[in-house]
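The numbers here are math on the coordinates, done by the rules we state, and not lab data. Only a predicted model underlies this, so the values are computations on that prediction, with no experimental measurement involved. Note that each Cβ is placed from the backbone with ideal geometry, even for glycine, and that neighbours are counted across all protein chains shown.
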Amino acid sequence: MSAIQAIRGMNDVLPDEAALWLAFEQIVERWLERWGYRNIRVPLVEHTALFRRAIGEATDIVEKEMYSWRDELNDEELTLRPEGTAGCVRAVIEHNLLYDGPKRLWYAGPMYRHERPQKGRYRQFHQYGAEAIGYPGPDVDAELIVMCARLWQELGLEGIRLELNTIGSPQERARHRTDLVRHLEAHAEMLDADAKRRLHTNPLRILDSKNPTVQQVVANAPDLMTYLGEQSREHFDGLRKLLAAANVEYVMNRKLVRGLDYYNGTVFEWVSDRLGAQGTVCGGGRYDGLFVLLGGKPAPAAGFAIGCERVVALLKGSNRAPATPCPDAYVLQQGEGTLEFAFGIADALRSAGYAVVQHAGGGSLRSQMKKADASGAALALIIGEDELRAGEVTVKPLRDARAQLRVARATIVGRLSEFLKGG
């Protein structure tokens with residue numbers, strides 16, 4: 001019988017790498033807490049209409065990347081979430097979370113898109129998302145960007161640059177769209193099939209085409225910045241002043257539009273050149289119109305999502321990756337009655353807060369010592385028949401040249417910290 005393998009693009013995270021993930025997640029969640037963001041947890045599965053309405057019918061995600069199906073039992077169209085903002089906003093509306101004022105929220109977990117798997121792009125991928133809901137000013141846009149800058153510093157990651165743009169209000173984009181479509185139609189022979197498909201449905205997305213020929217056309221396209229009104233300009237100028245005050249450098253990217261229709265005003269991406277084609281580590285912006293689109297009362301909002309796989313890849317390639325945690329002690333036992341004695345010691349040490357691995361599976365003391373050393377533990381705690389009779393434990397340091405010694409069973413919990421410190 002053939003072995004069953006994981007679905008293409010949905011990857012296992014094995015223990016060695018999972019240790020890095022856990023260290024990364026602990027840092028991120030402490031960081032979010034320090035900035036005043038509270039956790040919200042929403043379902044993996046939502047009504048398909050939520051994403052069609054929020055993300056946009058003419059986006060790649062909705063057109064060809066969503067995992068959707070009909071639940072025949074309940075006659076519902078359902079979708080595995082391809083991103084987190086829509087579900088978060090749906091929950092805020094449904095539970096009236098803004099009744100007592102704005103909210104800073106964060107979420108984490110897997111997202112699903114039916115894409116061609118490649119390095120940095122998977123069909124199941126993970127994100128941390130932060131959403132600042134109910135805040136209209138550029139101060140929150142700046143906060144979201146600056147907090148990311150501080151996270152990269154905390155993780156020890158270098159070479160992640162900020163690309164920044166504003167795409168204005170829907171009314172400003174509509175005026176720009178008319179002139180943009182006219183320009184693109186005048187050069188239709190230079191557009192590829194993808195650009196032609198988007199021409200009358202989502203022409204803004206043509207601006208970030210990677211096709212060199214299309215880029216030539218786009219280079220001379222009308223600049224959305226010239227269509228911005230006074231309010232949009234003031235908001236963006238306010239953001240740039242705050243970034244300057246925080247010493248956060250950025251590159252203006254007039255072609256940056258993001259791939260979801262709900263964005264307006266500020267958009268940004270944090271990008272690394274160390275990840276190949278999938279260089280975006282984090283992306284976000286403002287989405288003031290999304291609440292109305294989803295049936296709620298108007299509310300300003302902004303947020304971002306961090307691609308966990310991409311950050312972990314950067315951590316693996318850096319010299320600042322969090323160290324894999326090792327146990328404080330590895331407990332070995334051999335001889336009649338020693339297992340029960342050792343079991344009690346290991347349990348007492350764990351109850352006192354120590355990380356302890358107890359050997360399982362038998363074997364000679366020599367083979368057990370090899371496993372103790374391979375575990376990375378600082379100490380081996382050895383219980384043989386002599387130790388059992390004497391009510392003692394042999395403590396053997398594994399990471400330095402100190403001599404081993406015997407310790408009374410009754411004092412091992414109180415003295416273990418002394419041995420770990422080198423005493």
Among (i) 120; (ii) 219; (iii) 144, which one is volume of the Cα convex hull per residue in Å³ computed from these coordinates?
(ii)
Residue by residue through the stretch 85-91, which ³J(HN,Hα) values in whole Hz follow from phi under the Karplus form 6.51 cos²θ - 1.76 cosθ + 1.60 (θ = phi - 60°), with glycine and proline marked x?
5, 4, x, 5, 5, 4, 5
Exposure proxy check on 308, 326: fewest-to-most Cβ neighbours within 10 Å is 326, 308
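Per residue of the chain, what 222 nm ellipticity follows from adding -39500 (n - 2.57) for every DSSP H run with n ≥ 4, rounded to the nearest 500?
Numbers: 14 runs with 155 residues, N = 423.
My calculation for the chain gives -11000 deg cm²/dmol from helical runs alone.
Given the peptides 287-297, 228-238, arrange them by the average over their residues of other C-beta atoms within 10 Å, most packed first. Intermediate values should be presented prior to the final figure.
On the way: 287-297: 17.8, 228-238: 14.9.
Ranked from most to least packed, the peptides come out as 287-297, 228-238.
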Listed highest first by mean packing, meaning other Cβ atoms within 10 Å per residue, what order do 331-343, 129-141 come in?
129-141, 331-343
Under 5 Å between amide H atoms, partner at least 5 residues away or on a different chain: which partners does residue 166 have, H built in plane at 1.01 Å?
267
Once residue 390 and residue 14 are pulled to full extension, the length gained, defined as 0.36 nm per residue separation minus their Cα-Cα distance, is 131.2 nm
Extension gain from residue 183 to residue 319, taking 0.36 nm per residue of separation minus the Cα-Cα distance
44.2 nm
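Under a Cβ-Cβ cut-off of 15 Å, what is the net charge of the residues other than residue 398 that fall near it, where Lys and Arg count +1 and Asp and Glu count -1? Don't skip to the end; give the middle numbers.
Working: positive: 366, 370, 371, 396, 399, 402, 421; negative: 328, 373, 400.
So the surrounding residues net to +4.
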Can you tell me the orientation of helix 338-351 relative to the chain, as the angle in degrees between its alpha-carbon axis and the longest Cα principal axis, to the nearest 10?
40
In nm, to one decimal, how far is the residue 277 label point from the residue 366 one, both placed 7 Å along Cα→Cβ?
5.4
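How would you rank 194, 75, going from fewest to most other Cβ atoms within 10 Å of each one's own Cβ? List each step's numbers first, then the result.
Numbers: 194 15, 75 7.
Ascending number of Cβ neighbours within 10 Å: 75, 194.
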In terms of Cα to Cα distance under 22 Å, which lysines are near enough to residue 196, apart from those fewer than 8 places away along the same chain?
64, 210, 255
For the chain, modelled as a Gaussian network with Cα springs under 10 Å, which listed residue fluctuates most, 178, 85, 59?
178
J(HN,Hα) series, the stretch 250-255, from Karplus relation 6.51 cos²θ - 1.76 cosθ + 1.60, nearest Hz, glycine and proline x
8, 10, 6, 10, 5, 8
In debye, nearest 20: dipole of the stretch 329-420 around its Cα centre with unit charges on the Cβ of K, R (+) and D, E (-)?
280
Amide H partners (placed H, <5 Å) of residue 331, local residues excluded:
357, 358, 359, 381
Could you calculate the contour length gain from residue 230 to residue 421, that is, 0.36 nm times the residue separation minus the distance between their Cα atoms, to one decimal place in nm?
62.4 nm
Rounded Å value of the spacing that divides the Cα centres of the stretch 290-317 and the stretch 388-404:
52
FRET efficiency for residue 95 and residue 1, using Cβ-Cβ distance with R0 set to 45 Å, rounded to 0.05:
0.40
Here the stretch 187-199 yields Karplus 3J(HN,Hα) values (6.51, -1.76, 1.60; θ = phi - 60°; whole Hz; Gly and Pro given as x) of 10, 4, 5, 9, 8, 7, 4, 5, 5, 5, 5, 7, 3
List every residue whose amide H lies under 5 Å from the amide H of residue 109, counting only residues 5 or more places away in sequence or on a different chain, with H placed 1.01 Å from N in the peptide plane.
127
Report the Cα centroid-to-centroid distance between the stretch 153-227 and the stretch 331-367 in angstrom, as an integer.
63
Local charge sum around residue 256 (other residues, Cβ-Cβ under 9 Å, Lys/Arg +1, Asp/Glu -1)?
0
Between helix 230-245 and the chain, what is the angle of the helix's C-alpha long axis to the longest principal axis, kept within 0 to 90° and rounded to the nearest 10?
30
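Hey, can you rank 399-411, 244-256, 146-158 by average C-beta count inside 10 Å, highest first? Display every interim value, and only then the final one.
Working: 399-411: 11.6, 244-256: 13.8, 146-158: 17.0.
Averaged packing, sorted descending, gives the order 146-158, 244-256, 399-411.
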Roughly how far apart, in whole Å, are the Cα centres of the stretch 104-132 and the stretch 36-75?
13
